[in-house]
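The values are calculated or read from the model by the stated rules, or taken from the named source; none is laboratory data. Model, not experiment: these values are computed from the prediction. Note that we place each Cβ from the backbone using ideal geometry, even for glycine, and neighbour counts take in every protein chain shown. Surface areas here come from the heavy atoms of the whole protein model, side chains and all, with no ligands, DNA or RNA. Shrake-Rupley method; radii C 1.70, N 1.55, O 1.52, S 1.80 Å.
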Amino acid sequence: MVDSILFNIMLVGALGIFSQWVAWRFHFPAIVVMSIIGLLVGPIFGLLHPEDVFGDLFDPFVSIAVAIILFEGSLNLDFREIKGLGRPVGRIVTVGAFLAWLLGSLSAHYVAGLSWGVAFVIGGLFIVTGPTVILPLLRQAKLKPRPAKILKWEGIIVDPLGALLAVFAFEIIKFLKVEEATATVLLVFFLGSLFATLFGFLCGRGIGWMFEKGYVPEFLKSPVVFAVVILCFAVSDEITHETGLLAVTAMGITLANMHISSIDDMRHFKENISVLLISTIFIMLTASLSVDTLLEIFHWQILAFVLLMLFVVRPISIWLSTIGTDLSWQEKTLVGWIAPRGIVALTVASYFASVLLDAGFKDAKILMSLTFALVFATVVVHGFSIRWTAEKLGLASDGQPGVLIVGGSTFSTALSKTLKELKIPVLITDSSWQRLLTTRKAGVPFYRGEILSEQTEYRLDLTPYEYMIAATELDSYNALVCTTFVPEIGRNNLFQLSLRNDRGDDLEELVHTIGGRVAFKEGATWETLNRKVESGYVFRKTNITQQYTYDRYLKERDEETIMLFVKKPSGSIEFFAHDSQTRAEAGDVLVSLMPPSKEFNRIREKLDKQRTDEKEKEEKEKEGHLEDE
């Protein structure tokens, strides 16, 4: 392959992002796709050799990437969120994590054959599930809110904790095992750890204070955060090795709990940079594996260790730690089964493999084989079984993708009732009880609260809803809502009502730069849609067949008809929009808003036909009686 560093950087980045796209397009766990592609271009076909190409830059790049990924996890540790999760999550992330560390370390020592030092380091690391792995699985699986919330926040909280446990275990075991290690060395490490924590805290407070006071312009906020994360990691790690991860974690937690207004900007920045880093680093790590490492995965000790972690360590740690909580046995079983390890486990394991080898722990050479076996096994097994397991345990929500409607109104309520009749999950959210009046009377699910509030993120589970319609009377608010939810839902599934043209404001250009896709046909504004519903317009569900085609429907429909959406046999929904060429095919259900006269005429025609049929039947029966006589 080409030895150019520039070419290989391009290749790694392209393969990583391509893997993410393939995973999104075909609903596969991204880490599985990245693993397969990395193995194909690396040890199998020998097209990419990152360690040889990047040389001395390989390890620093991996270390910085790990630091940024851990900063991403810790930036989600808002203590307000943890308080509202109750006893189960608290037990799982404390008692459960400790039991998983202990049992995992024992398994690594007695089954995988690792020394106590390496076993306790890797045991601490393997408690990590991580939001970069669990969150995509939860979106795919559509679990009920309670188990989904537990798995989600366990991944976020334990993500940095596992790396920290590995760091502390490494220093303590090195002190106990290495002859030249003294109490002074251990004291220096703890002082260095204390300094790293304090330094990370000060970096976080300093950045937050500068942002709040306006000392950093908006266009520099993301670059400043990125630079300070690297500074925090590098300074701490140079003063005391292996404490840089602790420093960036402390920095992230500090920023998360300052509740500054720029936190969302930083979240978007770190999510984007983390996706890129996760993609490239995972391709690099898997491509760097040797054929011997892959073959070593099939050693009986490694396979036995993986099976123990899957079927013994995780379930026991969850069941014991949740004794006395209100979790049902179904919830304990599901949470005890789902624990995919991901990018953090593999990258930090790579980091510790070299460190432990340098410290004289020769058995650390199998760490990459052991870690990759556990990562690949858990992601594949849990990724493809989570939905099936949840369905068997009765913990899966309806697989039908749902619709979240922002803004209570007569139209929103009528649309929601139609969606509900089609067995499509729907929820109306509004901050006003008054605007939700018709919704409450109709018995449609609703949430009273501001959709843009931080508290809504903690209280409202958005997992079942793949589509959002911003349907309030304020065009600017609709655009703001859609723009805010682009990272979570995606622009293709975000819709807002057509802009009003009677105010004299030139708002048309906004549609092309911010907000969501304009729903339905031109002129279908909030006032228009509500006026039509209030004047008697009806929602009609039309079955498109081979005989009654979509083209025939278009010819026969009333000119005032507003086509809303098409429900496919698969359960997916396609909303009509200005920028789409939505068509209904045979087997689809087309939902439209029609004038009442059209509906009444159809009903009248149907009744007339029934009367005609009954009259003809009576005449035939009468003729039959006359013939008998």
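From the list G407, G394, which residue is of a type in the set (G, A, S), within 30 Å of R448 (Cβ to Cβ), touching a residue at least 40 places away in the same chain (Cβ under 8 Å) and surrounded by fewer than 16 Cβ atoms within 10 Å (Cβ to Cβ)?
Details: G407 fails: surrounded by fewer than 16 Cβ atoms within 10 Å (Cβ to Cβ).
Going through G407, G394 in turn, just one is of a type in the set (G, A, S), within 30 Å of R448 (Cβ to Cβ), touching a residue at least 40 places away in the same chain (Cβ under 8 Å) and surrounded by fewer than 16 Cβ atoms within 10 Å (Cβ to Cβ): G394.
Considering the stretch 163-192, the residues that are touching a Gly at 6+ places or on another chain (Cβ under 6 Å) and at pLDDT 70 or above include one that is nearest to L327 (Cα to Cα), namely L165. Filtered by the rule that a residue be surrounded by fewer than 14 Cβ atoms within 10 Å (Cβ to Cβ) and touching a Lys or Arg at 6+ places or on another chain (Cβ under 9 Å), the stretch 552-570 gives D558, E560. On inspection, L57 fails the criterion of being open to solvent by 30 Å² or more (accessible area, probe 1.4 Å) and within 31 Å of the chain's Cα centre (by Cα).
Residues that are out of contact with any strand residue (DSSP E or B) (no Cβ under 8 Å at 6 or more places or on another chain), farther than 26 Å from P401 by Cα and not charged (D, E, K, R) were ranked within the stretch 521-545; the one that is most open to solvent (accessible area, probe 1.4 Å) is S535.
With respect to the conditions (1) in a loop (DSSP other than H, G, I, E, B); (2) modelled with pLDDT of 85 or more; (3) open to solvent by less than 20 Å² (accessible area, probe 1.4 Å), R435 falls short on a single one, namely (3).
What do you reckon, is G13 under 18 Å from L289 (Cβ atoms) and either loosely packed, with under 14 Cβ neighbours inside 10 Å or not hydroxyl-bearing (S, T, Y) (or both)?
On the way: under 18 Å from L289 (Cβ atoms): no; either loosely packed, with under 14 Cβ neighbours inside 10 Å or not hydroxyl-bearing (S, T, Y) (or both): yes.
Criteria not met by G13.
Restricting attention to the stretch 462-492, the residues that are surrounded by fewer than 22 Cβ atoms within 10 Å (Cβ to Cβ) and assigned to a helix (DSSP H, G or I) total 12.
Note on the stretch 400-432: residues that are small (G, A, S) and in a loop (DSSP other than H, G, I, E, B) amount to 5. When the stretch 279-299 is filtered for residues that are open to solvent by 20 Å² or more (accessible area, probe 1.4 Å) and either over 9 Å from S369 (Cβ atoms) or modelled with pLDDT under 80 (or both), the ones remaining, listed by number, are S288, S290, V291, T293, F298. Please count how many residues of the stretch 335-374 are open to solvent by less than 10 Å² (accessible area, probe 1.4 Å), in contact with a Pro (Cβ under 8 Å, 6 or more places away or on another chain) and in a helix (DSSP H, G or I). Counting residues in the stretch 335-374 that are open to solvent by less than 10 Å² (accessible area, probe 1.4 Å), in contact with a Pro (Cβ under 8 Å, 6 or more places away or on another chain) and in a helix (DSSP H, G or I) gives 2.
Within the stretch 332-341, the presence of at least one residue that is touching a Phe, Trp or Tyr at 6+ places or on another chain (Cβ under 9 Å), without any contact (Cβ under 8 Å) to a residue 40 or more places away in the chain and of a type outside the set (G, A, S) is confirmed. Scanning the stretch 375-388 for residues that are surrounded by fewer than 19 Cβ atoms within 10 Å (Cβ to Cβ) and among the hydroxyl-bearing types (S, T, Y) yields a single hit, S385.
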